[in-house]
Amino acid sequence: MIIPYSEIHEILNGSYIDDGEEILTKHSAFNGEREFALVLIEQCMGLLSREVINDKFIVQYLQGLLALTNPESKHYEKFLNAFSPGPMLITKALNGEKLSIGDIAVVKELMQTNMAEYTMKGEYQRCCYSAMLTFFQTAYCILTKKIDFIIKHIDMIADLDDELESIQLYESSEPIDVIIVDWHSSNKINSIYMLYKNQYSGLDKASILDLVAADVIEEDYYFKDERFSIAPSILTKQYCSIIEHEINEIIQLLNLPNKPQKHLMWFKMKEYVKSNNIDLVATDFSLSDVLEDLYDLRNKGAHGDVITKDEYKMITRYKNLGLFDGISVEKLRLKNGKISPTIDELNEYMGLT
């Protein structure tokens, strides 16, 4: 089954109204467990559409949605006892429509993914709110349509702005334990850029774009396509130019007494890093070693000399060890740029403190 853009738009239209103070939902929390789940999703969609994100509320609503997937938690009954205006309304609500086994599977899988945006978040990484919104919208569309078959696979396609273009649901002929969830952008470069701008949020925008371009070329042509072999020197030049620019940024942020007044080329840069004991706190390797190890490769790439595949492995090694993540974290650290919600904030929101 495919839920196309036109139907997605129709389902989402009018699902909530944000009057600036509160989010007014289409469904009622006192009209059965199933509508309660839709209300929580509507609240989250509204919150994620605001300019300033209230992570505390989103985390609490996510906890509520995940609690609904565990019938033993009696989360809905507890909610009614706490907020219902009277016993008659509680009885009516408890007799209302409940989440089906299929609904529970969908909510559990998609909401666990959204919760992971918080639980897996580093101190210097952003949550990908646009992707989270897409997952909430997908769950909302599936619950609204009341799918009557067992879903084994959900495939979401998004456009350049992470707006849902379509949802494809694959049917299973037998009960399953886990639903496979895939999320794609109609444009691969944009998809990776959306990921990297959150993962490497300390890098300059131009560096992120250059890193995306280099990684796409490396993956699609250097490693995979035997018919069209990209010369390692091209990729080396690209990666080293990003490193050189970003390390110069770190040097300026450190603002040491002997801070250079202009951009340092690689040789002077590596000597400055070494003499001032500059390092990346988030990595297990020495920045000075990186710059020394890549010095000859950088020069070969800059001058168009041949770089062998074995030599290029040095670039791949440092990438895989987290070089660009380490640079991003270092820049944010020097700017005192912990990204909200911080780990302490999340622990508070989740009731862990």
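The values are calculated or read from the model by the stated rules, or taken from the named source; none is laboratory data. Worth saying up front: this structure is predicted, and the values here are computed from it rather than measured. Every residue, glycine among them, receives a Cβ derived from its backbone with ideal geometry; neighbour counts consider all protein chains shown. For accessibility, only protein heavy atoms count, side chains too; no ligands or nucleic acids. Shrake-Rupley method; radii C 1.70, N 1.55, O 1.52, S 1.80 Å.
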Handout entry: the stretch 71-141 - Rg and Dmax from Cα coordinates, angstrom
Key = 16.1, 49
Fill in the blank from the handout: Computed over the stretch 23-157, the Cα gyration tensor eigenvalues, each multiplied by 5 and square-rooted, give semi-axes in Å (largest first) of 25, 18, 13
Fill in the blank from the handout: One computes Rg over Rh for the stretch 215-315 from alpha-carbon atoms, with the Kirkwood Rh, and obtains 1.03
Handout entry: Max mean-square fluctuation residue, GNM over the chain, Cα-Cα springs under 10 Å, options TYR140, TYR222, TYR16
Key = TYR222
Handout entry: Kirkwood Rh in Å, taken over all unlike Cα pairs in the stretch 94-181
Key = 14.1 Å
Exercise for the section: Apply 1/(1 + (r/R0)^6) to the Cβ-Cβ distance of GLU163 and LYS335, taking R0 = 35 Å, and write down the FRET efficiency to the nearest 0.05. Expected result: 0.65
Exercise for the section: Would you mind telling me the share, in percent, of accessible area of the stretch 257-353 contributed by carbon and sulfur at probe 1.4 angstrom? Expected result: 48 percent
Completion exercise
Rounded to the nearest 10 Å², the accessible area of ARG317 using a 1.4 Å probe with every protein chain kept is 120 Å²
Exercise for the section: Set the Förster radius R0 to 22 Å, insert the Cβ-Cβ distance between ASN299 and HIS245 as r into 1/(1 + (r/R0)^6), and round the FRET efficiency to 0.05. Expected result: 0.85
Completion exercise
Sorted largest first, the Cα spans of the stretch 257-353 on the principal axes come out in Å as 57, 38, 19
Problem - Rg followed by Dmax, in Å, when the stretch 32-81 is reduced to its Cα trace - result: 11.5, 37
Practice task
Treating cross-link reach as a plain straight distance, find the lysines whose alpha-carbon is under 17 Å from the alpha-carbon of LYS92, omitting any fewer than eight places away in the same chain.
Solution key: LYS74, LYS78
Practice task
Have a look at the DSSP beta bridges in the chain and tell me what percent are antiparallel, nearest 5.
Solution key: 70 percent
Completion exercise
In Å, the C-alpha Rg and Dmax of the stretch 303-353 are 18.6, 58
Completion exercise
For GLU10 the rounded accessible area (nearest 10 Å², probe 1.4 Å, non-protein molecules ignored) is 140 Å²
Fill in the blank from the handout: The answer for the chain, accessible area per residue at 1.4 Å probe in Å², is 52 Å²
Fill in the blank from the handout: Hydrodynamic calc, the stretch 1-66: Kirkwood Rh from Cα pairs, then Stokes-Einstein at 20 °C with viscosity 1.002 mPa s, so D in µm² s⁻¹ is 168 µm²/s
Problem - Ranked order, MET350, MET132, MET265 - accessible area, probe 1.4 Å, largest first - result: MET265, MET350, MET132
Problem - FRET efficiency, SER100 to ARG126 (Cβ-Cβ, R0 30 Å, nearest 0.05) - result: 0.30
Practice task
Can you pull the one-decimal nm distance between simple spin-label points at ASN277 and LYS188, each 7 Å off the Cα toward Cβ?
Solution key: 4.6 nm
Completion exercise
With Cα springs under 10 Å, the Gaussian network model of the chain assigns the largest mean-square fluctuation among PRO257, PRO341, PRO175 to PRO257
Fill in the blank from the handout: With a ≥ b ≥ c from the Cα gyration tensor eigenvalues, square-rooted, and the rule rounded for a/c under 1.5, otherwise prolate when a/b > b/c and oblate otherwise, the stretch 163-281 is prolate
Fill in the blank from the handout: Quick calc of log₁₀ I(q)/I(0), the stretch 133-228, Debye, one scatterer on every Cα, no solvent, q values 0.11, 0.12, 0.17, 0.20 1/Å, result -0.47, -0.55, -0.87, -0.99
Problem - Mean residue ellipticity (222 nm) of the chain, computed from DSSP H runs ≥ 4 via -39,500 (n - 2.57), nearest 500 - result: -17500 deg cm²/dmol
Practice task
Quote the relative contact order of the chain in percent (integer), defining contacts as alpha-carbon pairs under 8 Å separated by 6+ residues.
Solution key: 16 percent
Handout entry: Using distinct alpha-carbon pairs, which all enter the 1/r mean, Kirkwood radius of the chain in Å
Key = 23.3 Å
